[in-house]
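Okay, structure first, notes after.
No lab work stands behind these numbers, since they all come straight from the coordinates. Owing to the predicted nature of the structure, the values given are computational and were not obtained by experimental measurement. Cβ atoms come from the backbone with ideal geometry, glycine included; neighbour counts cover every protein chain shown.
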Amino acid sequence: MLSIKNLQAKVEDKQILKGINLQVNAGEVHAIMGPNGSGKSSLASVLTGRENFEVTGGEVLFDGKDLLEFSPENRAREGLFLAFQYPIEIPGVSNINFLRTALNEIRAYHNEPPLEAKEFLRLTREKQKLVEFDAKLTNRSLNEGFSGGEKKRNEIFQLAMLNPKLSILDETDSGLDIDALRIVSNGVNKLRSEKNAFIVITHYQRLLEYIVPDFVHVLYDGRIVKSGAKELALELEEKGYDWIKEPVTTASV
Amino acid sequence: MPAEPVAAGKVFRYSFGSLGQYIIIMANNSADILEEYSDKEYEFGFVTDIEMDIAPRGLNEDTIHFISTKKKEPQWLLDWRLKAYQSFLKQPEPHWQNFELPKIDFQDISYYAAPKSRAKYKDMNEVDPELIATFEKLGIPLSEQKILAGVAVDAVFDSVSVATTFKETLKEQGIIFSSISEAVKEHPELIQKYLGSVVPHSDNIYAALNAAVFSDGSFVYIPKGVRCPMELSTYFRINSENTGQFERTLIIADEGSYVSYLEGCTAPKRDENQMHAAVVELVALENAEIKYSTVQNWYPGDKEGKGGIYNFVTKRGVCRGAHAKISWTQVETGSAITWKYPSVILQGDYSSGEFYSVAVTKNKQIADTGTKMYHIGKGTKSRIISKGISAGEGQNSYRGLVQVGSKAENARNFTQCDSLLIGDRCGAHTFPYIESKNKSATIEHEATTSKIGEDQIFYLNQRGIDTEKAVALIVNGYAKEVLNQLPMEFAVEAQKLLSITLEGSVG
Ligand SMILES: Nc1ncnc2c1ncn2[C@@H]1O[C@H](COP(=O)(O)OP(=O)(O)OP(=O)(O)O)[C@@H](O)[C@H]1O
Ligand SMILES: [Mg+2]
């Protein structure tokens with residue numbers, strides 16, 4: 001589904017990604033861990049097409065297509081979703097109106113007619129239940145005045161609504177209380193299928209107990225320096241990152 | 001900031017007192033994706049070819065005689081015009097504004113233009129087809145659709161009314177809805193009583209000019225206790241090259257009556273700047289209510305600001321009786337320079353005034369707009385919601401005066417004044433003036449400034465929404481409180497207009 005080869009990128013003349021290799025297949029969950037500032041969010045930004053990042057080398061194929069050629073909105077319409085580490089507030093724009101626009105834009109891209117109001121509402125209710133998202137929040141302005149945890153939950157609610165092929169969860173667990181973590185994880189697990197895939201960025205092994213990954217990668221100084229099975233997360237929790245120093249050249253699995 | 005002192009007994013002059021503070025907020029955002037500008041041509045930039053009866057350029061007493069004769073006016077109106085001309089000559093051009101006022105050559109303007117063909121039509125079939133085509137192109141169906149939608153249309157093409165519909169239905173209820181020229185002939189007693197009673201001919205230089213040379217406009221009278229059964233609407237359009245537009249609107253709501261009036265405008269593309277100096281006067285008697293809505297979309301000029309309309313309009317309403325209510329709602333997207341302050345004089349006890357505004361400036365557009373609320377009667381209330389949007393190098397100023405007189409016990413005002421910036425070269429400025437002579441008054445002022453940030457746009461992009469739609473979504477959300485005040489049909493148009501206007505303003 002996603003094939004990243006030797007991806008390099010810089011921001012403001014600073015080289016952040018120094019050659020990332022990663023292969024994600026349909027049905028898989030990959031966890032990415034790594035110390036603060038190692039480039040995890042940057043990788044998500046580059047994949048989703050954030051303007052201030054300049055790709056300086058490498059390639060990314062998404063379902064066989066050159067992902068980097070697409071505009072940010074077309075990457076989303078192709079089925080790439082990012083649950084942001086810091087979801088933004090947009091005053092005045094109602095959550096529900098925003099979601100309806102997003103959904104219909106994506107449908108239009110695939111030559112599907114807009115969803116009828118009734119059908120849309122039905123879908124909203126169904127997905128709300130899935131992530132136990134408060135109905136009141138759907139009518140409020142997008143993320144405005146939402147608590148940290150509510151914002152994160154809203155990201156997953158949107159994920160459920162838009163039904164992407166590949167979702168990147170950037171530290172969705174941070175800021176969630178224990179119950180919320182369980183609810184959100186359950187939601188994600190229910191959304192998992194043979195057709196989609198997830199990249200879960202996290203600092204904590206706890207999340208990976210709920211959303212069990214097929215692979216764990218360690219990102220360090222712009223490179224994936226170690227990859228392994230889910231046990232790697234436990235090991236990292238125990239030992240920290242110090243013992244991983246030497247970068248490996250290929251981390252493709 | 002240069003502020004003309006308010007002379008005693010002349011509080012209604014076109015000036016703002018030196019009291020009160022002002023805040024200047026300049027955008028400072030280094031996001032360069034927000035910088036680029038579109039080449040999108042003004043959508044309605046076309047010129048209709050209709051034979052015109054045009055006055056020779058220039059302004060002197062002969063011009064005024066020419067206009068008055070053309071319109072077969074009574075002597076008293078000619079005299080009034082001549083008096084206005086004298087006060088025009090005496091008035092200096094204003095100097096307190098927050099922008100460079102271009103030098104206007106009043107002698108280089110033609111002050112009268114009228115379609116040469118018959119001025120009255122019994123039905124639509126008699127109307128010049130090209131004129132109808134023009135309205136159609138503007139998306140103004142002057143036809144069955146509007147009638148079915150319950151809108152009576154008094155269409156002003158350049159200066160003279162050429163088509164009036166729905167008059168009969170209105171007549172049955174005693175409502176008068178006609179051109180001013182017609183009203184001068186048919187209801188001289190109303191015109192003589194109210195014309196210039198809210199905006200005197202000496203009010204300000206542009207109002208004086210208007211009084212001297214006004215060509216035509218709309219007149220509305222709603223009798224006692226009558227609720228006007230439909231939205232009354234006039235579409236203005238500037239068409240002739242170098243023809244200044246001096247429309248005049250007078251609306252009178254007699255005791256206990258209600259009327260909602262819509263004004264909308266677009267103008268064809270022109271190279272030379274055209275000045276528009278309209279005057280609107282509203283009179284609400286005891287328990288009456290007037291709702292006046294405007295969507296203004298005149299040609300704003302090209303990217304360099306060349307060729308746009310100068311919109312210097314004087315709009316004022318007076319709540320003459322107790323419990324009267326006047327509400328102004330405006331969506332301003334056009335013009336090179338917009339300079340207007342729809343005001344309410346709250347004379348009657350417990351009367352109330354409202355001002356809801358969305359003003360958009362982009363490229364080199366300038367908007368200096370706001371309101372003035374004069375609390376005179378006791379228990380008077382006013383509410384001001386102003387939403388400025390600046391993009392490109394647009395400059396947007398809110399200027400508002402809330403004045404509470406010594407007899408206005410328990411007067412209340414609430415002002416909310418928000419600015420939205422798109423890009424880093426535009427500006428938003430807020431000049432609230434508060435003058436209170438009564439300690440029991442409550443005056444509240446809230447102001448916010450926000451930016452459409454790159455990260456907001458990116459967030460929406462990441463959900464599959466392109467940048468154009470993202471901006472439209474944010475802007476319409478921001479302006480919602482004002483758009484909600486517009487009649488349904490108009491609100492939808494206004495929302496579209498905002499999106500079209502800001503198309504391409506974010507790279
Ligand atoms: N817009 C930017 N301008 C300059 N430097 C940036 C920018 N964005 C990211 N960086 C830098 O890139 C590096 C990687 O940041 P990134 O946010 O990808 O880290 P991260 O692995 O997600 O860290 P965390 O675990 O704290 O979320 C950091 O040194 C950061 O300061
Ligand atoms: Mg991060």
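Taking every alpha-carbon pair under 8 Å whose residues sit at least 6 apart, the range A:99-180 reaches a relative contact order of 31 percent. Take the Cβ atoms of A:E194 and A:N111, set R0 to 35 Å, and the FRET efficiency comes out at 0.90. For the peptide B:468-478, the mean number of other protein chain Cβ atoms found within 10 angstrom of a residue's Cβ is 4.
Here the spin labels are modelled as points 7 Å beyond Cα on the Cα-Cβ line, and at A:R206 and B:K407 they lie 6.9 nm apart.
Using a simple spin-label model with pseudo-atoms 7 Å out from Cα toward Cβ, A:D221 and A:R125 lie 5.6 nm apart. When Lys and Arg each count +1 and Asp and Glu each count -1, what net charge do the other residues less than 10 Å away from B:Q296, Cβ to Cβ, add up to? Here the charged neighbours net out to -1. Computed on the range A:153-253, with alpha-carbon pairs under 8 angstrom and 6+ residues apart, the relative contact order is 23 percent. The share of Cα pairs per 10 Å bin across the range A:71-239, counted from zero up to the longest distance, runs 9, 36, 36, 15, 4, 0 percent.
The packing ranking, built from the mean of other Cβ atoms within 10 Å per residue, places the peptides A:187-197, B:425-435 in the order B:425-435, A:187-197, highest first. Cα centroid distance between the range B:365-406 and the range A:51-130, in Å? Centre-to-centre distance over Cα atoms comes out at 39 Å. Rank A:N104, A:L176, A:G222 by how far each Cα sits towards the positive end of the charge dipole of the range A:71-239 (+1 on Lys, Arg Cβ; -1 on Asp, Glu Cβ) and give me just the farthest. With unit charges placed on the Cβ atoms, the residue in question is A:N104.
Taking chain A as the reference, fit the longest principal axis to its C-alpha atoms, fit the long axis of helix A:117-130 to the helix C-alpha atoms, and give the angle between the two in degrees, 0 to 90, nearest 10. Approximately 50 degrees, to the nearest 10.
Of the cross-linked pairs B:K364/B:K480; B:K315/B:K378; A:K129/B:K387, which ones have a Cα-Cα span greater than 28 Å in the structure shown? Walk me through the intermediate numbers first.
Working: B:K364/B:K480 25 Å; B:K315/B:K378 23 Å; A:K129/B:K387 37 Å.
Exceeds cut-off: A:K129/B:K387.
Working from Cα pairs under 8 Å separated by at least six residues, relative contact order for the range A:71-239 is 24 percent.
Please compute the average number of Cβ atoms from other chains found within 10 Å of each residue's Cβ in peptide B:450-456. Intermediate results must be reported in sequence, preceding the final value.
Details: counts 2, 0, 1, 2, 3, 6, 6.
Going residue by residue through B:450-456 and averaging, the value is 3.
Extending 7 Å from Cα along the Cβ direction at A:N6 and again at B:L78 yields two label points whose distance is 9.1 nm.
Other protein chain C-beta atoms within 10 Å of residue C-beta, averaged over A:93-106: 4.
Size of the dipole of chain A about the Cα centre, Lys and Arg at +1 and Asp and Glu at -1 on the beta carbon, nothing else charged, in debye to 20?
Working: 32 positive and 37 negative charges, 93 e Å.
About 440 debye.
Using just its DSSP H runs of length 4 or more, each adding -39500 (n - 2.57), chain A gives a mean residue ellipticity at 222 nm of -11000 deg cm²/dmol after division by all residues.
Using the Cβ-Cβ distance between A:E69 and B:H95 with R0 set to 60 Å, the FRET efficiency from 1/(1 + (r/R0)^6) comes to roughly 0.60.
Each peptide in A:200-207, A:131-138, B:274-281 was scored by the mean count of other Cβ atoms within 10 Å over its residues; highest first, the order is B:274-281, A:200-207, A:131-138.
Cross-link partners for A:K65 among the lysines, with Cα-Cα distance under 21 Å and sequence neighbours closer than 8 places in the same chain left out: A:K5, A:K165, A:K195.
Quick one: of the DSSP bridges fully inside the range A:71-239, what percent are antiparallel, nearest 5? Of all bridge pairs located within the range A:71-239, approximately 45 percent are antiparallel. Kindly list the residues of the range B:52-91 that lie in the label zone of B:Q192, defined by a backbone N under 13 Å from the point 7 Å along the Cα-to-C-beta vector. Correct set: B:74-80.
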